[in-house]
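In what follows, a structure is listed as structure tokens, so that the remarks can point back to it.
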Amino acid sequence: MRKALRWLLTLVVLIGTVGTAGAATAAEPEAHGTGATTDIKDQLLAVPGMSLIEEKPYTGYRFFVLDYTQPVDHRHPSKGTFQQRITVLHKDVSRPTVFYTGGYNVSTTPRRSEPTQIVDGNQVSMEYRFFTPSRPAPADWTKLDIWQAASDQHRIFTALKKIYSKNWISTGGSKGGMTATYYERFYPRDMDGVVAYVAPNDVVNNEDSAYDRFFAKVGTEECRDRLNAVQREALVRREPLEKKYAEYATAEGLTFTTVGSLDKAYEAVVLDYVWGFWQYNLLANCGDDELIPPNAKTATDDQIWNSIDTISGFSAYADQGLETYTPYYYQAATQLGAPTIKFPHIEKKYIRHGYQPPRNFVPRDIPTKFQPYAMRDVDTWVRNNARHMLYVYGQNDPWGAERFRVDKGAKDAYVFTAPGMNHGANVAGLVADQKAFATARILAWAGVPATAVTEAKPLAKFDRKLDVRDVEREPTLRP
């Protein structure tokens, strides 16, 4: 799996301004049947292994950033622990709870995923193990796998279910959607429903023709030609642009020890360009002359550089750009797999290294060995055993070329595609009948009253701060 685009969705799920029913009210201390009132913070901190980092105010909610003590190895819990960061967006213990993970670092700013808005519930968010600061010390990288991460979620759910006793739904976008799927595969009795957004599913790692077919048809021929021309021109002008890259690297203090050389980093950034555009842009952006030069051959070096840098990010393959995402690249090199695509519009003489495997982006002192059975097992399980699962993909998102599917063995499980949407596809972007159906299923899984299910509208009003995606300049294309 690859890297590009500096305008990255930290919270991958794109929340739309859809119709609402009901408004969030201020979170109050929780009352027990004895008549005593116990503050929710006290309830959370009474969980063994839970400690408070900070509480941040937000109208209608309580928001907590917490550390939770986890075993490094869930098979051998006595062999060390680490502190895993989680957040709790608390509404009311009488409401459903959504378990969110992006599959990377957790945001410590109050945010609400689309299912949380739909069910007007609480949200527990988990930082994925080995993303700092949630990394064991010393780091035994063999303990970073999808089962260990699913077991992290299971322990958190088990601990918090005693407080949040109503229905739970897991969710996440991209790698977070993958994470929600793996959690369901290993602990299918925990959640009452799963909403997985734009989740890649690389079942056979060395067979990636689906991506080539995608890039041959996505968007319009005019847009494809325009993007392809800029990408090719960046390799034709390799010498002057790499000189500019070297100057940029020196000014920014960038090094290239992990990937091996500035030349390999440069080509990797350029080869991510077309993928990065479709992952995070809409077809309409193809007509933006400042973003994509209309005539690559007559464009200046600066125009080519700026276009590649804006979409792919020239810091992506520097050590400084790779370091944060070492856990992801390690997983891609050991279990998740990664796509390899072809470039028929670029002559072979201009491509020296090709699409590089994730092993190239993991420091040499961390060994990796690919496990081809891991994704096959999950795919087979989803096809035949999925229950109360919803997958949402974007029509123009490259990651949807290899996606999860459900077969006859699945029950109350669905796969929908949002027309024209990218890696930020969501329920709000589906066609009207699918949006209503998907919303109704999420509400039903959450256990809300039947009248709300029938209306099939989000129960909480749209909040411009809570429901907006986080957009940060990060030089990576990844799921």
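The values are calculated or read from the model by the stated rules, or taken from the named source; none is laboratory data. Given the structure is predicted, the values throughout are model-derived calculations rather than measurements. Cβ sites come from the backbone with ideal geometry, for glycine too, and all protein chains shown count toward neighbours. The protein model used for the area step is the full one, side chains on, heavy atoms only, and it has no ligands, DNA or RNA in it. Shrake-Rupley method; radii C 1.70, N 1.55, O 1.52, S 1.80 Å.
Annotations
- Boolean, residue 264 is open to solvent by 10 Å² or more (accessible area, probe 1.4 Å), among the basic types (Lys, Arg) and more than 14 Å from residue 231 (Cβ to Cβ): yes
- The set of residues in region 392-408 being farther than 19 Å from residue 211 by Cα and open to solvent by less than 60 Å² (accessible area, probe 1.4 Å) consists of 406 alone.
- Across region 416-429, the number of residues qualifying as of a type outside the set (S, T, N, Q) and open to solvent by 10 Å² or more (accessible area, probe 1.4 Å) comes to 6.
- Tally, over region 289-310, of residues that are within 18 Å of residue 222 (Cβ to Cβ) and surrounded by fewer than 22 Cβ atoms within 10 Å (Cβ to Cβ): 9
- Flag for residue 64 being without any contact (Cβ under 8 Å) to a residue 40 or more places away in the chain and surrounded by 15 or more Cβ atoms within 10 Å (Cβ to Cβ): yes
- When residue 161 is tested against the conditions (1) under 19 Å from residue 66 (Cα atoms); (2) touching a residue at least 12 places away in the same chain (Cβ under 8 Å); (3) open to solvent by 40 Å² or more (accessible area, probe 1.4 Å), the lone failure is (2).
- The residue that is farthest from residue 381 (Cα to Cα), among those in region 164-206 that are open to solvent by 20 Å² or more (accessible area, probe 1.4 Å) and in a helix (DSSP H, G or I), is 186.
- Test: residue in region 334-343 that is crowded, with 16+ Cβ neighbours inside 10 Å and among the charged types (D, E, K, R): no
- Set 380, 368, 326: member being open to solvent by 10 Å² or more (accessible area, probe 1.4 Å), among the polar types (S, T, N, Q) and assigned to a loop (DSSP other than H, G, I, E, B): 368
- On inspection, residue 243 passes the criterion of being in a helix (DSSP H, G or I), open to solvent by 30 Å² or more (accessible area, probe 1.4 Å) and out of contact with any Cys (no Cβ under 8 Å at 6 or more places or on another chain).
- Residue 313 being in a loop (DSSP other than H, G, I, E, B), within 21 Å of residue 173 (Cβ to Cβ) and either open to solvent by 40 Å² or more (accessible area, probe 1.4 Å) or out of contact with any Cys (no Cβ under 9 Å at 6 or more places or on another chain) (or both): yes
- The residue that is most open to solvent (accessible area, probe 1.4 Å), among those in region 83-123 that are of a type in the set (S, T, N, Q) and in a strand (DSSP E or B), is 83.
- Members of region 34-82 that are under 18 Å from residue 466 (Cα atoms) and not in a strand (DSSP E or B): 59, 60
- Total residues in region 352-397, condition touching a His at 6+ places or on another chain (Cβ under 7 Å) and either free of Cβ contacts under 8 Å to residues at least 12 places away in the same chain or closer than 16 Å to residue 336 by Cβ (or both): 0
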